[in-house]
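This report concerns only the one structure given below.
The values are calculated or read from the model by the stated rules, or taken from the named source; none is laboratory data. Small disclaimer: the values here were computed from a predicted structure and weren't measured. Heads up, the Cβs are rebuilt from the backbone with ideal geometry, glycines too, and the neighbour counts pull from every protein chain shown. In case anyone asks, the SASA skips ligands and DNA or RNA and just uses the protein heavy atoms, side chains included. Shrake-Rupley method; radii C 1.70, N 1.55, O 1.52, S 1.80 Å.
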Amino acid sequence: LPAGANWDGNWCDTNGLLARRSDGSGALMNCVNNAWVKVGGGSRAWYQVANYINSNYYGHNYTDHDMFVSAVSNGTSCGTQNNDYAASAIVQGMQVASNIENNVNYYHQKSMAFMVPAGQDYQILWTRYLCNTQTVVYEYR
């Protein structure tokens, strides 16, 4: 069986391939729609951090079901600079969510959430104006 990063939801290149989970548990994994899926028992859905971003992000739903994506943005105080940014979520060429922040001099946290159909790409188009804002992208697969 293949070794490597065999975790639920990670990309795999050959559908039907079998592997053991990388955590040493010996759990059997199956490659389904180019994503590793634990064989048998329990929920097939979980949250996973897809990336930490401060620029545009491009993702893909490798699962055989709709995927929920949440992007949470955290800012910092910037002294006299505006703490502002804008983010848009694009799925199948359509803007499906947005998040705009225009505050001055204080910490903030905002989020946006959207669904991505099975097998589809998504984008988060992100513009940071002056402060060091970071967005965490979570995927519920």
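For segment 14-24, give me each residue that is out of contact with any Phe, Trp or Tyr (no Cβ under 8 Å at 6 or more places or on another chain) and at pLDDT 75 or above.
Listed by number, the residues that qualify are Thr14, Asn15, Gly16, Leu17, Leu18, Arg20.
Please count how many residues of segment 114-124 are assigned to a strand (DSSP E or B) and at pLDDT 90 or above.
The number of residues fulfilling the criteria is 6.
Output the residue which, of all residues in segment 1-13 that are in contact with a strand residue (DSSP E or B) (Cβ under 6 Å, 6 or more places away or on another chain) and open to solvent by less than 70 Å² (accessible area, probe 1.4 Å), is modelled with the highest pLDDT.
Cys12
Taking segment 40-55 only, how many residues are loosely packed, with under 13 Cβ neighbours inside 10 Å and modelled with pLDDT of 70 or more?
3
When residues of segment 63-78 are filtered for being open to solvent by 10 Å² or more (accessible area, probe 1.4 Å) and modelled with pLDDT of 85 or more, how many remain?
Residues that pass the stated criteria total 3.
Which of the residues spanning segment 27-39 are open to solvent by less than 60 Å² (accessible area, probe 1.4 Å) and either modelled with pLDDT under 75 or under 19 Å from Ala118 (Cα atoms) (or both)?
Asn30, Cys31, Val32, Asn34, Ala35, Trp36, Val37 - these are the residues of segment 27-39 that are open to solvent by less than 60 Å² (accessible area, probe 1.4 Å) and either modelled with pLDDT under 75 or under 19 Å from Ala118 (Cα atoms) (or both).
Looking only at residues that are open to solvent by 80 Å² or more (accessible area, probe 1.4 Å) and at pLDDT 70 or above in segment 91-108, which one is farthest from Met67 (Cα to Cα)?
Ile100
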